1. Kindly report, to the nearest 10 Å², the accessible surface of Glu55 as traced by a 1.4 Å probe over protein heavy atoms only.
2. Express in whole angstrom the spacing between the alpha-carbon centres of segment 39-111 and segment 156-186.
3. Sort Thr155, Thr121 by accessible area with a 1.4 Å probe, largest first.
4. Checking the a/c ratio against 1.5 first, then a/b against b/c, what shape does the Cα gyration tensor give for segment 69-176?
5. Would you mind checking Lys70/Lys157; Lys70/Lys106; Lys70/Lys150; Lys146/Lys172; Lys44/Lys86 for any pair whose Cα atoms are more than 23 angstrom apart?
6. Can you give me the solvent accessible area of Lys146 with a 1.4 Å probe, rounded to the nearest 10 Å²?
Amino acid sequence: MTRLCAGVLLLGLASPWALAKDSPVVSVSWPDSGQAVMRFTFSKFKDVGDGLGKEHTFITDTTAQNVSEKTIGNLTFSVYVFDKSKARIGDGLITLTNVAPGETVKFQVSLRASGTPISVTVATLGRPSASISVTVNSIPQGALLKVDGKEVGTTPKVVEVSIGKHMLEFTKDGFNPGNFPLEMTPHDASGGSVSYELGNAVHDTIEFRDGSVLSGDLISITGMQIELRIAGNTQTFDRNQVKRILLTERDPVSK
């Protein structure tokens with residue numbers, strides 16, 4: 001379930017609403033450069049009065065849409081409002097939790113401002129988390145995974161990585177090893193997933209009718225038997241046990 005909290009940096013008492021003069025509907029994207037992750041739309045700011053001096057409390061009906069392909073786990077945004085001369089006159093807070101890709105959530109934002117809000121900007125509050133959770137998988141699964149040279153287990157595996165560049169290494173018996181460069185930015189604070197397809201098998205693969213699978217080098221096949229070399233030892237199997245044989249490509253034998 002999506003949970004959302006919208007708050008105020010400076011709290012004030014509320015009174016019956018009064019409509020702010022001609023304040024427009026505003027749509028902004030976050031981040032403000034590069035590929036957008038969130039799109040915020042703010043309705044007209046309503047002045048609920050009861051301010052101290054020139055400051056008044058404003059409320060705006062707001063929607064936030066996740067336009068990325070990742071779930072927004074937990075992010076807090078500062079909302080800054082500006083008057084017609086582009087001077088900053090107030091601010092508020094938005095906290096989003098578990099917003100799925102493509103999902104739109106609706107809520108109200110309240111803030112204190114010393115004039116009529118005309119334009120809005122949105123920025124993340126505070127510094128990003130020191131680590132980001134990433135789910136790493138491989139095809140096929142069960143590959144030994146290293147992150148920056150350190151073994152962390154077998155795939156699928158959830159790993160914690162810092163912002164910056166990393167190298168994922170995959171190894172699995174019967175398949176060529178592989179490397180995958182991974183770069184995390186502050187915009188990836190909600191995490192995500194990586195799936196890596198291992199290279200071609202280095203051995204032939206024999207799938208049996210009971211569901212078991214063996215990897216080795218096929219030596220021969222006759223009408224009733226197959227011979228397979230596994231770890232240097234030759235084994236013979238009844239052909240009726242075999243469901244499928246996948247042959248890997250080999251270099252031609254020189255004469």
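The values are calculated or read from the model by the stated rules, or taken from the named source; none is laboratory data. On a predicted model such as this, the values are computed, not experimentally measured, just so you know. Surface areas here come from the heavy atoms of the whole protein model, side chains and all, with no ligands, DNA or RNA. Shrake-Rupley method; radii C 1.70, N 1.55, O 1.52, S 1.80 Å.
1. 60 Å²
2. Between the Cα centres of segment 39-111 and segment 156-186 lies a distance of 37 Å.
3. Sorted by accessible area, descending: Thr121, Thr155.
4. Details: a/c = 4.35, a/b = 3.01, b/c = 1.44.
Because a/c hits 1.5 or more and a/b exceeds b/c, segment 69-176 counts as prolate.
5. Working: Lys70/Lys157 18 Å; Lys70/Lys106 19 Å; Lys70/Lys150 26 Å; Lys146/Lys172 12 Å; Lys44/Lys86 17 Å.
Violating the 23 Å limit, Cα to Cα: Lys70/Lys150.
6. 70 Å²
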